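Heads up, the thing below is written out as structure tokens.
The values are calculated or read from the model by the stated rules, or taken from the named source; none is laboratory data. Bear in mind that the values here come from a model prediction, so they are computed numbers and not experimental data. Cβ placement follows ideal geometry from the backbone for every residue including glycine, while neighbour counts extend to all protein chains displayed. Calculation scope for accessible area: heavy atoms of the full protein, side chains included, ligands and nucleic acids excluded. Shrake-Rupley method; radii C 1.70, N 1.55, O 1.52, S 1.80 Å.
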Amino acid sequence: MSNSINRQLIIIAPTCPPGVCGVSDYAYKTAIALNKSYKSVKIGIQYFPAATQDKPLSITTVYWKKLLQQSITKGSATDLILNFTPTSYSKFGLPSDLLNTLKQFKTASSGNRIYVFFHETWDDSRGLRIHHRLRNSLIKQTVKSLSKLASGITVVTNEQKTKIEILTNNKKIRLSLVGANILPANKEHGLNSVRKRGEWVTFGLAHTRLWTIQQHLPLIKDLYNKGVIKKIYAIGPLDNQFAAEELRLTKSTLGPDVLVQTGILAPGEVSDRMLTAEAALVGQTADSLRKSGTFAALSAHAVPVICEAPFSLDEPPGCAIFRPNELLNNQNIVSTIEGEKRRLLLHQWFWLTRSWEAIAIDMQSWINS
């Protein structure tokens, strides 16, 4: 912390609250958590959201170019964290204006340092159309340019780490931590709240909810027939074919009144649902759990998580997750002493390693290393 207290910090993100953007939410909450560690912290964004909010932002927020030009003119020693996704700053994947301004920033002061946080990378799937392949090549060109400017690079999954290591020939790519945008008012609420027996949740975008239900359908049918599951609350957007398929599948399999699609809820309402849910269904891979804000939010609320992840997983702790086969063998395991131990372990893991304070300490350690 002593390395940065006399320095300034600029964090660049696609947008800011109340805009809906997970990367921007991460950037904003990181900025707040890092505020006490720097002489000043400011946020530079690509665009302001059309909506407004009642209270002003607690961190100075302006367009990134204006902010960088001000820094270049002043020449004060500044750390810069760029929160990057492939098309956040250019729909074609090559943000030339940003790259040129970052080069000017880097040379404006010998004390200026750039750190790049790649929240997403490119898609190398087979069968891509030619315009997608062209955009991928531009994205890769951008990643190479940023890696040359960067004092440090970080990602959130091992897959991203490997892709950027191969592309840039940089073997010092770091894994960063992902927090939760939805938290209880008090961290102990997750352990003290009363759970409603039979009420389960899925949470996220419609396609991820659908995949989750499809993956866990044998378990869902078994537990519904045994009276363990009575309602499944699907929290998140409803405006596409995936939401319609989610509803059709559960109606045809379980009946018309089991799945309750809530639509998009305010963060406080989502928190209330998590605090009363008996369990949550998650359909992600072990690697993607690391970057999942949804999984982090469930952990913060001490919701028992059912997910097909190996016991050997250490980050997040695999021993704190319930596997479908365990519930097929023991439908009551969530409410046993063993179940309570796992809930407590998951809750402790989040608040010790994934709170915004913990993330700020981790990021500060990275920058000062």
Checklist entry - Can you find even one residue in the range 314-327 that is of a type outside the set (Phe, Trp, Tyr), under 17 Å from the mean Cα position of the chain (by Cα), within 30 Å of Leu238 (Cβ to Cβ) and in the same structural domain as Val194 (by the TED database)? => result yes
Item to check | Count - residues of the range 166-209 that are in contact with a Ser or Thr (Cβ under 9 Å, 6 or more places away or on another chain) and in a helix (DSSP H, G or I) | outcome: 6
Next on the checklist: Suppose we keep only residues that are over 11 Å from Lys291 (Cα atoms) and either of a type outside the set (Ser, Thr, Tyr) or out of contact with any helix residue (DSSP H, G or I) (no Cβ under 7 Å at 6 or more places or on another chain) (or both) within the range 145-158. Which one would you say is most open to solvent (accessible area, probe 1.4 Å)?
Outcome noted: Lys148
Checklist outcome for this item: When Gly268 is run through (1) within 17 Å of the chain's Cα centre (by Cα); (2) surrounded by fewer than 21 Cβ atoms within 10 Å (Cβ to Cβ), the failure sits at (1)
Item to check | Residue that is surrounded by the most Cβ atoms within 10 Å (Cβ to Cβ) [pool: residues in the range 116-139 that are assigned to a helix (DSSP H, G or I) and touching a Phe, Trp or Tyr at 6+ places or on another chain (Cβ under 7 Å)] | outcome: Ile139
Next on the checklist: Whether any residue in the range 212-235 is more than 13 Å from Leu281 (Cβ to Cβ), surrounded by 15 or more Cβ atoms within 10 Å (Cβ to Cβ) and not charged (D, E, K, R) is what I want to check.
Outcome noted: no
Checklist outcome for this item: Checked against (1) surrounded by 14 or more Cβ atoms within 10 Å (Cβ to Cβ); (2) in contact with a Gly (Cβ under 7 Å, 6 or more places away or on another chain); (3) of a type outside the set (A, V, I, L, M), Asp287 satisfies every condition except (2)
Item to check | Out of Thr353, Thr294, sole residue that is in contact with a strand residue (DSSP E or B) (Cβ under 7 Å, 6 or more places away or on another chain), touching a residue at least 24 places away in the same chain (Cβ under 8 Å) and closer than 24 Å to Lys187 by Cβ | outcome: Thr294
Checklist entry - Hey, does the range 106-115 have a residue that's under 23 Å from Ser365 (Cα atoms), open to solvent by 20 Å² or more (accessible area, probe 1.4 Å) and in a strand (DSSP E or B)? => result yes
Checklist outcome for this item: Filtering the range 131-179 for residues that are without any contact (Cβ under 8 Å) to a residue 24 or more places away in the chain and more than 19 Å from Tyr89 (Cβ to Cβ) leaves a count of 10
Checklist entry - Out of (1) crowded, with 17+ Cβ neighbours inside 10 Å; (2) within 19 Å of the chain's Cα centre (by Cα), what's the single condition that is false for Arg342? => result (2)
Checklist entry - So which of Thr202, Thr142 is surrounded by 14 or more Cβ atoms within 10 Å (Cβ to Cβ), among the β-branched types (Val, Ile, Thr), under 25 Å from the mean Cα position of the chain (by Cα) and closer than 23 Å to Tyr63 by Cβ? => result Thr142
Checklist entry - In the range 345-369, how many residues are in a helix (DSSP H, G or I), open to solvent by less than 70 Å² (accessible area, probe 1.4 Å) and within 14 Å of Ala297 (Cα to Cα)? => result 7
